[in-house]
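Student: Would you mind keeping the following structure in view while I ask a few things?
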Amino acid sequence: MPYHLDKTLDKVVRNLKAKGKRMTSTRRVVLGSLLHAKKPLSAYELMDYCASTFEHSLQAMSVYRALEFLESEHLVHKLNTSNKFVACSHIAQSHEHGVAQFLICSKCDKIAEQQIDPILIDALTKHARKQGFTLIQPQLEIECICDACK
Ligand SMILES: [Zn+2]
Ligand SMILES: [Zn+2]
């Protein structure tokens, strides 16, 4: 793992430890691979990436389990539109994680994560309620074209 990623991962390990959670070697390589890839990967692409980039072969089941844990800690986000996973962009911070919005370039898969203003979530919740719907998962995934592809 490159030095700057190791440093980031060490910080994540400390934040987890403070919450009484553990970073296993599988979780570390899965998260490190997503950080290294800098783009969303499916669980199978992730398996290939770990194997080809870090010579670390993993079983699909362990990848899914690691992703589940990392997702519950807001270290990784699942994109529902593509069924792929992406490392959280403010991973080394320990504060509460709000609802995320993702800007995704449909040409090159470049992705940016932003926090949605809680006022907007309130408005969404109210609008949905008017139609008899209750918001379950307000994460937004917005199709875009990045400046490099435009
Ligand atoms: Zn995030
Ligand atoms: Zn692009």
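Student: Convert each backbone phi in the stretch 69-74 into a coupling constant with the Karplus relation 6.51 cos²θ - 1.76 cosθ + 1.60 (shift: θ = phi - 60°), then list the ³J(HN,Hα) values in order as whole Hz, x for Gly and Pro.
Tutor: 5, 4, 5, 5, 9, 6
Student: Kindly write out, for the stretch 102-108 in residue order, the coupling ³J(HN,Hα) from the Karplus curve 6.51 cos²θ - 1.76 cosθ + 1.60 (θ = phi - 60°), rounded to whole Hz, with x marking Gly and Pro.
Tutor: 10, 9, 10, 6, 6, 8, 10
Student: Just grab the label-to-label distance for Glu96 and Tyr64, each label 7 Å out from Cα along the Cβ direction, in nm (one decimal).
Tutor: Label-label distance for Glu96 and Tyr64, simple model: 3.3 nm.
Student: Classify the stretch 5-117 as rounded, prolate or oblate from the Cα gyration tensor: take a ≥ b ≥ c as the square roots of its eigenvalues, call it rounded if a/c is under 1.5, otherwise prolate when a/b beats b/c and oblate if not.
Tutor: Because a/c hits 1.5 or more and a/b fails to exceed b/c, the stretch 5-117 counts as oblate.
Student: How much accessible area per residue does the chain have, in Å², with a 1.4 Å probe?
Tutor: 63 Å²
Student: With runs of 4+ DSSP H residues as the only contributors, calculate the mean residue ellipticity of the chain at 222 nm using -39,500 (n - 2.57) per run, divided by the residue total and rounded to the nearest 500.
Tutor: Calculated at 222 nm, the ellipticity per residue is -14500 deg cm²/dmol.
Student: Moving on. Pull up the cross-link candidates among the aspartates and glutamates for Lys7, meaning alpha carbon to alpha carbon under 19 Å and not fewer than 8 places away within one chain.
Tutor: Hits, sequence-local ones excluded: Glu73.
Student: Where the accessible area of the chain is counted over protein heavy atoms with a 1.4 Å probe, how much of it, in %, is carbon and sulfur?
Tutor: 52 percent
The values are calculated or read from the model by the stated rules, or taken from the named source; none is laboratory data. Bear in mind that the values here come from a model prediction, so they are computed numbers and not experimental data. As a convention, Cβ positions derive from the backbone with ideal geometry for all residues, glycine included, and neighbour counts pool all protein chains shown. Areas reflect the complete protein model, heavy atoms only, side chains present, ligands, DNA and RNA absent. Shrake-Rupley method; radii C 1.70, N 1.55, O 1.52, S 1.80 Å.
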